[in-house]
Structures are given as structure tokens and as C-alpha cells.
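Asker: I'd like to ask you about the structure that follows.
The values are calculated or read from the model by the stated rules, or taken from the named source; none is laboratory data. Bear in mind the structure is a predicted one, so any value in this text is a computation, not a measurement. Cβ atoms come from the backbone with ideal geometry, glycine included; neighbour counts cover every protein chain shown.
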Amino acid sequence: MTTLRFDNVSLSFGSTPALSDLSLVVESGEVVAVLGPSGCGKTSLLRVALGLDAPTRGTVWAGATRLSADGQVLVPPERRRLAMVFQDLALWPHLSVEAHLRFVLSSVGVPKRDQEERIIRMLEQVELQERAAAHPGELSGGERQRVAIARALVTEPAAVLLDEPLSNLDLRLRRELLGLLKGLFAQRRMTAVYVTHDIREAVALGDRIAVMNAGGVVAVGAIDALRGSPEPLVRELLEGLTWSGL
Amino acid sequence: MRHPLQMLVAIALLVTAGACSERPPTKPEVVVYTSVDQVFSEPVFRRFEADTGVRVRSVFDTEETKSTGILNRLIAERANPQADVFWSGDPVRPFLLVSRGLVEPYTPTSAAGIPPAFKSAQGHWTGSAARARVLLVNRERLAGRRRRGPCAIWPTRAGGGRPPSPTRSTAPRRCMSPPGSQTGGDAEATRFLDALKANDVRIASSNGEVKRLVTSGEVVFGLTDTDDAFDAVKSGAPVDIVYPDQDAGGTLVMPTSVVLIRGAPHPEAARRLADYLVSPQAERMMVDAAAHMPLHADVATPAHVVPVARIRAMNIDYAALAAVMDRIQPQLRKWSGL
Amino acid sequence: MLWPLFVLLAGSDEAAPSFAPLRAVEPWLLLARTLALTAAVLAVTLAIGLPMGLLVARTDTPGRRIALVAHAAPMFVPPLLPALGWFYLFGRNGLIGGEASAGLLFSDLGAVLVLGLTFAPIVTSLAALALWNVDPSQEEAARVVARPPRIVARILLPAILPAIALAAVVVAALTLSEVGAPMFLRVRTYAAAVFARLGGVDFAPAEAFVLLLPVLVVALALAAVERRSIGRRSFAVLGLRSFRSAPFALGRWRWPAAVFCWSVTGLSITPLLALGWRAGLRGFADLPLWIGGAVWNSLVPAAWAASAIVALGVVLGPLLSRRDRAATRLDLVALLAFVAPGALLGVGLAAIWNQPETAWVYQTSAIIVLGFVGRYAVVGVRTLAVACTQTPAQIEDAARVFGAGYLRTLAGIVVPLHWRAILGAWVFAMVFCLRDLETAVLYYPPGRAPLAVRVFTLEANGPEPVVAALASVQVLLTLALLGFALGAAAMRPRAHDDTSVRQRQPEFREHAGAL
């Protein structure tokens, strides 16, 4: 597990800014929920962390390693040892569940003899043992979500990033998967960034919550600390929490 | 882009390697470029292969490039010649190679029987089966116009031409060769050509096209070579062949000519092929297949083929003609458009 | 591709490239004439292709699928072959020909009709492909309030406008660069003039290059049209959606429509059948004597080139679909090479590669492969770009995030995911290489003339039945290849092809829209 740090990161596409002077530290073994309205730059933050986009300015660190800095990707995505659960999952339609896990394990260089055991263990944890041979097209929505989670965790990455992974699910499934994620994070002491626009998910999973607006972090802290924040957006988001009765 | 770039380089190398992995030749071979029609030259090469065991790799010209595409290729490849032999459809274009120093002098063993007018004393080129420049006349189209005759399109009559003695004549009575650069000078030639153009003459892109135009009756007659003319006769089209100016300056005769390329990769095989192409045997094949006129006196001809010895051939210096051709190219191009 | 052209310019005998040829009026007249010819061909292809596309894609015209396949055949062979076919029918000594028909055939109008009929299937297929993909809900919403003709005019045609424009660009590009058919029909065109300039007695590559400049301007204009107005949308419009709405019932118009559809189809395949007829038993019997290694000489370089083109497509296609700047530039160069007269590219390549050190390229089929790859790379790149546009970029991103390097992502994700598109691109590239004439004709290695070149060189004085038989072999070879591809594409998709992430498109069918 490693610390993930964003120092004064800006990102713009032409004249359109996506991130502006954003700074954030995710400590080792900590889950930070990134919360904010649509278009505030949450997904851009993850893409910069992954190395899919280079920050226009600023530096991204993993522990003592500079990952990206000032317009350059210093460590390519495949060497960052990060994992991601994409918003629309990005499962590979031609691979079975098992093949998904095998592909990523081989990619990070896990020897063949160890792969089998790790795949079985991971599938047990996400309760997909029976569906190992199925392809994404044959799975239900919840099952696909589990595949995406299993794919992200099976390589034991340095940190895992989740981009609104539960946004398209019904309430029951969402609860079930939140429980699953919480258990997995705790068990593995994962460093994780969990992006969501739903404050209830943020509260349920995050050790701390970072509230984003217009490309920057406007407040960060545990839920109790945020309750005293004067920031209008934070207060607005917290109102949502009151309505839901949490 | 770093990885894709490496990938592109790898693809390029792999493909080139794959495409080049053709087996090296196991038997001797010779490379010949020819502007003699493929339909006639290829059987000769095949016979040579069968007789000698030397593999012939050939490049043929297309009518549409006016039989000079090959010549250009020879010139373009001069730094690193690929061809061993150039079998030209005429004796003029080899001089464009001679003047550029691309020709290896060689007198084929079989050249003794070729009249001196049809070979180079220095061994630059040796003539073989010949064609003549003839008029191909559409009998049906001519029928209604006999009084006027196709020669009416000739704008001027320089010199008093006597009626030709055509071999199968229902044909024009007062044709004569146009005054050319050799006789009348550039100015007169230009005037003649311009007047011709103004006189409802179609400029065809090739001999084959002339044949098509005449056989289809689109034009009454056209100037073409004996091989195309014979092909038209053989197809059953209502056409006749006229050898012009038999009582005047004579008909232009163009032997095919064999040239060896300097610095060629297979000189020994090249000489063998040259010997063969100039031989009576090859001439006989050209006579049978393409109605070419044999230059060897002892090659028998069928009834429809007139041996060179039986017509009056224009007395011409092919080297001088080549020089003129080279010089007047810009005017000719302008005249024909582009 | 710019390299060969540059070498031509720099390495020629002439001291400095002179722009004199462009100061004369003739080239401009010829260019204007060629553009007029192109416009006329375009008009014919649209007049035939649009109604055909509508009929086969959106109506219940009887036998529309078979009609489409048969109608499409001539676009896959060199236009010289249909021209030959028409000649065997309508030439003065043709089957049903006479003086008048021959006069018509060997005229500007004849060339326009021959090329128009040959290229019309390009419009038909692209229009049909796009019509199959119009979001059914758009059409259904209109059906509630409007009658079919109005829906066609106001909803469907505007929706497929990018595909129509794309087809127009392809047809214009092919017409502009076509050499064989206009030369055969004795119609002077600009590309033929450049070809003749390179083949003419006063070999002047630099001059030919100067003559090329106006064509490059036209090509750039075509590329600009493609980029500015249709480039972005053209990708989106060509994918196949997973479901379609029911075709319009034509009612009493059904049989008149069928007559039109089948008449056009008949016109499309007639010249190809005429080749077979003219060949007759004698032509085919004489084939062994004349065909030599031509089939092999065609297939081997074409297969290598197609493989290379697909490999390029696999590398550049995904980048292009994401509008990567370098890939976009390369794509533009590839498009220009496709539109520019092939003969010039050929001579440039010969100038580069005929050195003692690179004889291993110049003396082998490798030189033909290089020419094909340069000229037709755009086919592979565009096909794969279309395919990649159909899948979310995250599919590839995911592989990289999870530790897969570039090659692993290609091998494990991109290639298996798009295998149908790859197969389609391969066949499509192969067909283009097989139908090529003008790129290879000026520099094919001795003894290795491809079939199309052999037809061209034998056509002038060769026996007609043999030429017709050789042409028939070319047609059959191409059709066999396409048949194989259609068979492969029709293989039942495996369960995994059915997914939530829009992977249901039978990508193979996109190949037709790739350009």
C-alpha cells in the first residue's frame, strides 16, 4: 500500500480547465471518497492518477515516486501498479470472468502457478465461483460489477481507484456491493480513492471525504469535521445526507 | 506514441523481410525488357526457355505509354541496371540509350544474315523481324468516298508522288509520305502537322487504337504498323493494308532491335538471348504470329506477309532519326496536347 | 509516401523543377475536363446509388439482399474490366454492338456511364450501411406523423448525409486517379496524362510531379471536405446497431421498385458476364498458355500488403479513433497517397529503392508490396478506426491500467475484440491491391507482373478471348475472396460478442464504410 499525493495539479483541454491547482493526499491504507457534482473534475482526477492524462501543471506522487509532472507522464499507466473500477466497468467482452483475472495477473507478471490460487480466492471473495467461465454478456448487472471489482483487486495493487462504480445499480444491489467493498478494503488495508456524487456512499466507505468543485478540492476531512464547514457546496451535500436520514 | 512508433518500424521490417524472402533462382536467368507486344514476344521467350533452360524474366510495355515506358524504366534504372536485354519494337529508341552510354556493344552470332541497313556497325543494336508503317484502310467506309480518297486529308503534296502499288489495293491512289523533319526541315514539318490537325485528323494514342478506330469504322483509314494491321485483317474486319510511297521515297521499315545493357547482371545469358532473338528461328515465330517481315533472306513468309526485300524501304539513318525525335519531343507533345 | 515524391523532385536530371508545364493552358484544360468528368461520374453514381441504397436497406423490395451483393461486384475489380466487358458487348464487332453503340462507348459519355456504373455500388453500399444504422427511434417517431416518402426525404436522407458525402469523396478520388478505363475508352484524363508523362519518351518525373500539384490541391480539398463536414460524424454513422426497424412496405410500388433494383443489378453484372461470354471455351482453354504466374504474382504481394496494411491499421486505427494528432496527420498523408495518381508513387518508389544496397527490395515483389501499402494504407487505418470508435476507449485504457503493456493490450484486447473488423480490413485491402493497376504497372519486378497488369499489357494486341478469360479470372479471384470473407463474417457470433458495452456490431460489415 502506498500514499497517493497530488501537488497543485492542473489539467486543461485546450482552453477548458478540468482540474485547477488541486492538491490532495491519500494516506497509505486510507479510503478517501471524492464527492462533488457532475463535471467538477472527479473523473479527470482519476485519469491523471492513472496516467491516462498528463497534468498540465503540478505533480502526482505514489510514495516517493513521481508519477507525472508538468505535462509529462513519467511512469506509464501499466507500471503504476494502480487499479481502477471504471464507471461503465470497461469489461472485455471477449474474455470470460476467469480470463479477465488471468489477463491482469499475467500482465503484472504473476507466475502461472500462483495465478490459479489467487483467482480462486478472489472469485470466492466476490462470490463468483460459479460464473468463472461466463462472459460479460452473460452476466447480470451486479455480477459484472463484481467482476470489475475482482479485476481491480486481484493484482493487489498499490492503490485502487473507483469511478462511481455503483451509480447504475438499484438500491438493494448497491447496499450489497457497498458492504462487499467495505469488507475488502478493511481486510486488505487498501489505499483507495472512491469517486461518487452520492454522499451516502461517501460516508459509508470513506475514511475521509474530499469535496470537489470546479476542478479543485474545496474541503477535505472526516464526515464530522465537514459538518462544521462554511463551504456552501459542502452544506448543500450534507443536506442530502439529512434527507436520507443518516 | 512511443510504442506505436516502435510497432510501425517492426511492421515495416517484417513485411519487407517477408516479401523479399523469395527463393534465389536455382537456374540461370536473364532479364529482358521489351516493347514488342507481349502477345508476340512472350512465346519467343518461352521457346528460348525451352531450348536453353535459361529462365526469362520479362517486363512488357503497354501500348498506352506509346511503347516507351520500358525505355524510361531503363533510363531510370541506369545507376543500377536490372535488365540484361532490351528488345525494342523499333530501331530508333535504342539510340536514346546509346546516347546515354547505357548500351553494351555486341554483335550476335546470328547477325551475319541481317542486311547492313538494319544493324549497327558498332554492335549497338541488331535488327530482327521488322514492321512497316502502313495505311490501314476501312474498305466499307472508303466505298462511298472513293473519289475523294483518304489522302484528301493530306494538306499538302510535297513532291510529285506517284500512286503507290499497294499489295491489296482498293486503296488510295495519291498517298505520299508526309514531309518529315529529315527532308523538309522542322518548319515545314510543323506546318504539315498543324495543317493535318486542322484537317479533321484524330490523333490516336497507340497503334492498337488506330487499329480499333479503323476496324470499327470510326475513321476511314489510319497510319499504323504491319503487326496491328495484320491483326485487323485476320480479325475479318473489312480492312486493307497499303504500303505507301512504293514509287517514291519508300515505306518506313522498322526492325525490332536487340540491345544489350551495360553493367547488366547476367551478361552471359544476355548474349545467348540476343543471339536467339536475332536468329531466323525467332524471326520465323514473329512472321507467323505477328506478320513481321523477316530480315534473314532464308526465312520463308506466308502469302500475306511481304518480305522486306519485296518492298521499297525508306532509306533512313535511324541514329539521325533518333536525334530528331529527341529534339522535337516538346513540339510533338504540344501538338498532341500535353 | 511523401518521400518517394520528394526523391522524384530532388533526384531528377532536370536542374530545377520547372513549373513551365503549369504555365501552359493544356494541363488546366485537361484538369477542368477531368473534373467535369468526375462530376458527371459522381452524378451518375448518386442517381443510381441513392435509390438503390434506399431500396435494399429500407424497403421490402423482393430479393434486395441478393441484388445488393450482385450489384456490388464491379466495384471490387479494376474498372478496365467492366470497360472491356462493355466493349465486348457494344464495340462495333461486339455481341449487340454497332457503329452507333461503339461511338457512344468510346466517348466521354461512354466513360461516364462505364465508370458511373462501376462506382455506383460504393454509394449504394455506404448509403445502405448508414441507413441500417439510423437510430430506429428517429424513424419510428416520424412514422407516427408522416408518410414514408416524407420520412425518407426529411429524416433518413439528412441522417445519412455524412455517409453520402463520404461515398462521394471515395468515388471522386477513384475517378480522379483512374487510368486504365479512360485510356481504354480513349478519354483523356489528367491521371492518364501524368501516367503517359511518366511512360512517355521524354521521361520527366520532376515534370510529372509538377503536373501532380493541381491534383494534390484537389485531393487536399477532398480531404478537407471529408474532415470538416463529415469526418467526425462519418465514423459514428457507419457502425451497425444491434437492432433495426421493419422495412417500409412498398405496397403497389413493390414490383416497379423490384424492376428498377434488378435492372440496375443487371447492368452492374452484365459487363462481368460479358467477359466470361467473350472468353468462351477457347479463351479458357488457352489460359494456361498465357496466365503464367500472374495469379500467384497478384495474390502473394496483395496478401503481404494486406497484412501490413491491417497491422498498420491495428496500430494507427485506435489512435485515429481517439483523434491522436500524429495519427491524424499520418491518416491525411495516407488519404493523399490514395487519391494521387498511382503511377507517380510507383516511379518515386523505384527511384528510392533501385540502389545496389536495396536490390533485395527492388528486384522482388517487396517493391510492389511497398507501393500497395503506401497507396492503400488508408483502407486498413480507417476500417480499424471505425471499429475502435464503436467500442469505448476505456476498454483499452482498462488493459493498460491493469498492467498490460502496449503489445499485450494489442494482442490480448484490441485484436481479439476487433477480429471481424481486422478480417474485413484484410479482405478489403487485399481487394484494393488485387484491383490495382497503375501503381504496379511501371515498376513491377521482371517476370512478376500481377494479373491486372497482365490484362492491361495483353489487352492491346492479345487475342480477345484470352484477354477476356484473364479478366474473368481476375473477377473470379476477387469474388472468391469476398465470398470467403462473407462466409467468415457470417459465422455465428459467440456468446461473448453479446455485451453491455455496445459490442454487438458485426464489425466486418463496417469495412465497406471504412474509407
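Asker: Does A:Gln187 count as surrounded by fewer than 22 Cβ atoms within 10 Å (Cβ to Cβ) and either within 14 Å of chain C (Cβ to nearest Cβ) or free of Cβ contacts under 8 Å to residues at least 24 places away in the same chain (or both)?
Answerer: Taking the combined requirement at face value, the residue satisfies it.
Asker: Let me ask something else. Within region A:52-61, does at least one residue satisfy the condition of being aliphatic (A, V, I, L, M), modelled with pLDDT of 90 or more and either within 14 Å of the chain's Cα centre (by Cα) or farther than 17 Å from A:Thr191 by Cβ (or both)?
Answerer: Among the residues of region A:52-61, at least one is aliphatic (A, V, I, L, M), modelled with pLDDT of 90 or more and either within 14 Å of the chain's Cα centre (by Cα) or farther than 17 Å from A:Thr191 by Cβ (or both), which makes the answer yes.
Asker: What tally of residues in region A:69-101 results from selecting those that are over 18 Å from the mean Cα position of the chain (by Cα) and closer than 19 Å to A:Gly41 by Cβ?
Answerer: The number of residues fulfilling the criteria is 4.
Asker: Search region C:454-471 for residues being among the hydrophobic types (A, V, I, L, M, F, W, C) and within 12 Å of B:Phe60 (Cα to Cα), and hand back the single one that is modelled with the highest pLDDT.
Answerer: Just the residues of region C:454-471 that are among the hydrophobic types (A, V, I, L, M, F, W, C), to begin with: C:455-456, C:458, C:460, C:466-471.
Then keep just the ones that are within 12 Å of B:Phe60 (Cα to Cα); that gives C:455-456, C:458, C:460.
On the way: C:Val455: 89, C:Phe456: 86, C:Leu458: 86, C:Ala460: 70.
Here the answer is C:Val455.
Asker: Can you find even one residue in region A:199-217 that is within 13 Å of the chain's Cα centre (by Cα) and part of a loop (DSSP other than H, G, I, E, B)?
Answerer: yes
Asker: Sticking with this one: Give me the pairs: first residue in region A:64-88 and within 24 Å of A:Arg151 (Cα to Cα) and more than 8 Å from chain C (Cβ to nearest Cβ), second residue among the aromatic types (Phe, Trp, Tyr) and crowded, with 16+ Cβ neighbours inside 10 Å, beta-carbon distance under 8 Å, and six or more apart or on different chains, which are they?
Answerer: These pairs meet every condition: A:Leu67/A:Trp61.
Asker: Would you call C:Pro301 within 19 Å of C:Thr478 (Cβ to Cβ), within 11 Å of chain B (Cβ to nearest Cβ) and out of contact with any Pro (no Cβ under 6 Å at 6 or more places or on another chain)?
Answerer: Yes; evaluated as a whole, the condition is true for this residue.
Asker: Is it the case, given these coordinates, that A:Gln125 is more than 24 Å from A:Phe13 (Cβ to Cβ), touching a helix residue (DSSP H, G or I) at 6+ places or on another chain (Cβ under 6 Å), of a type in the set (S, T, N, Q) and surrounded by fewer than 22 Cβ atoms within 10 Å (Cβ to Cβ)?
Answerer: Working: more than 24 Å from A:Phe13 (Cβ to Cβ): yes; touching a helix residue (DSSP H, G or I) at 6+ places or on another chain (Cβ under 6 Å): no; of a type in the set (S, T, N, Q): yes; surrounded by fewer than 22 Cβ atoms within 10 Å (Cβ to Cβ): yes.
It is false that A:Gln125 is more than 24 Å from A:Phe13 (Cβ to Cβ), touching a helix residue (DSSP H, G or I) at 6+ places or on another chain (Cβ under 6 Å), of a type in the set (S, T, N, Q) and surrounded by fewer than 22 Cβ atoms within 10 Å (Cβ to Cβ).
Asker: Still on this structure, please answer the following. Could you check how many residues of region B:106-124 are of a type outside the set (A, V, I, L, M, F, W, C), closer than 8 Å to B:Val278 by Cβ and part of a loop (DSSP other than H, G, I, E, B)?
Answerer: Here is the first cut: in region B:106-124, the residues of a type outside the set (A, V, I, L, M, F, W, C) are B:106-110, B:113, B:115-116, B:119-120, B:122-124.
Next, only the ones that are closer than 8 Å to B:Val278 by Cβ stay: B:108, B:110.
Retained after the next criterion (residues that are part of a loop (DSSP other than H, G, I, E, B)): B:108.
Number of matching residues: 1.
Per-residue answers, yes or no, for (1) under 28 Å from C:Gly424 (Cα atoms); (2) modelled with pLDDT of 90 or more; (3) outside the structural domain of C:Phe432 (by TED's automatic domain parsing); (4) of a type in the set (Val, Ile, Thr):
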| residue | (1), (2), (3), (4) |
| --- | --- |
| C:Arg244 | yes, no, yes, no |
| C:Phe248 | no, no, yes, no |
| C:Phe260 | no, yes, yes, no |
| C:Val264 | yes, yes, yes, yes |
| C:Ser268 | yes, yes, yes, no |
| C:Leu272 | yes, yes, yes, no |
| C:Trp277 | no, yes, yes, no |
| C:Ala306 | yes, yes, no, no |
| C:Ile309 | yes, yes, no, yes |
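Asker: Further question: From C:Ala168, C:Ala146, C:Ala206, C:Ala141, which residue is assigned by TED's automatic domain parsing to the domain that holds C:Leu46 and either buried (at least 24 other Cβ atoms within 10 Å of the Cβ) or modelled with pLDDT of 80 or more (or both)?
Answerer: Values: C:Ala146 fails: either buried (at least 24 other Cβ atoms within 10 Å of the Cβ) or modelled with pLDDT of 80 or more (or both); C:Ala206 fails: either buried (at least 24 other Cβ atoms within 10 Å of the Cβ) or modelled with pLDDT of 80 or more (or both); C:Ala141 fails: either buried (at least 24 other Cβ atoms within 10 Å of the Cβ) or modelled with pLDDT of 80 or more (or both).
On inspection, the qualifying residue turns out to be C:Ala168.
Asker: Taking C:Arg323 and the conditions (1) within 11 Å of another protein chain (Cβ to nearest Cβ); (2) not in a helix (DSSP H, G or I), which numbered condition does it fall short on, given that it satisfies the others?
Answerer: Failed condition: (1).
Asker: Something else: Is at least one residue of region C:438-445 out of contact with any Gly (no Cβ under 8 Å at 6 or more places or on another chain) and either within 14 Å of chain B (Cβ to nearest Cβ) or not in a helix (DSSP H, G or I) (or both)?
Answerer: Yes: region C:438-445 contains one or more residues that are out of contact with any Gly (no Cβ under 8 Å at 6 or more places or on another chain) and either within 14 Å of chain B (Cβ to nearest Cβ) or not in a helix (DSSP H, G or I) (or both).
Asker: To continue, here is another question. Give B:Val134, B:Val85 a once-over and let me know the one that is in contact with an Asp or Glu (Cβ under 8 Å, 6 or more places away or on another chain), at pLDDT 50 or above and among the β-branched types (Val, Ile, Thr).
Answerer: B:Val134
Asker: Right, another one. Can you pull out every residue in region C:296-340 that is crowded, with 17+ Cβ neighbours inside 10 Å and under 30 Å from C:Glu464 (Cα atoms)?
Answerer: C:Asn297, C:Ser298, C:Leu299, C:Val300, C:Pro301, C:Ala302, C:Ala303
Asker: Now, a different point. Looking at region C:356-432, what helices (runs of 4 or more DSSP H) fall wholly within it and have at least 2 residues that are more than 11 Å from every other protein chain (Cβ to nearest Cβ)?
Answerer: C:366-389
Asker: Now for a different question. Restricting the search to region B:175-214, which residues are surrounded by fewer than 15 Cβ atoms within 10 Å (Cβ to Cβ), at pLDDT 80 or above and within 14 Å of another protein chain (Cβ to nearest Cβ)?
Answerer: B:Arg202
Asker: Condition first: modelled with pLDDT under 85 and not small (Gly, Ala, Ser). Now tell me which residues in region C:96-125 satisfy that.
Answerer: Answer for region C:96-125, where residues must be modelled with pLDDT under 85 and not small (Gly, Ala, Ser): just C:Glu99.
Asker: Got a number for residues in region B:12-36 being closer than 27 Å to C:Leu470 by Cα and at pLDDT 85 or above?
Answerer: 8
Asker: Continuing with this model, one more query. Could you tell me whether region A:48-57 includes any residue that is touching a strand residue (DSSP E or B) at 6+ places or on another chain (Cβ under 7 Å) and under 25 Å from A:Ala222 (Cβ atoms)?
Answerer: Yes, some residue in region A:48-57 is touching a strand residue (DSSP E or B) at 6+ places or on another chain (Cβ under 7 Å) and under 25 Å from A:Ala222 (Cβ atoms).
Asker: Would you be able to tell me the number of residues in region C:247-288 that are assigned to a helix (DSSP H, G or I) and in contact with a helix residue (DSSP H, G or I) (Cβ under 8 Å, 6 or more places away or on another chain)?
Answerer: Total meeting the criteria: 25.
Asker: So, A:Gly39, is that one of a type outside the set (S, T, N, Q) and modelled with pLDDT under 90 or not?
Answerer: It is true that A:Gly39 is of a type outside the set (S, T, N, Q) and modelled with pLDDT under 90.
Asker: Further, regarding this structure: Given the options C:Val473, C:Val441, name the one that is in contact (Cβ under 8 Å) with a residue 40 or more places away in the chain, surrounded by 23 or more Cβ atoms within 10 Å (Cβ to Cβ) and in contact with a helix residue (DSSP H, G or I) (Cβ under 9 Å, 6 or more places away or on another chain).
Answerer: After applying the criteria, what remains is C:Val441.
Asker: Output the residues belonging to region A:172-228 that are within 18 Å of A:Leu22 (Cα to Cα) and among the charged types (D, E, K, R).
Answerer: A:Arg208
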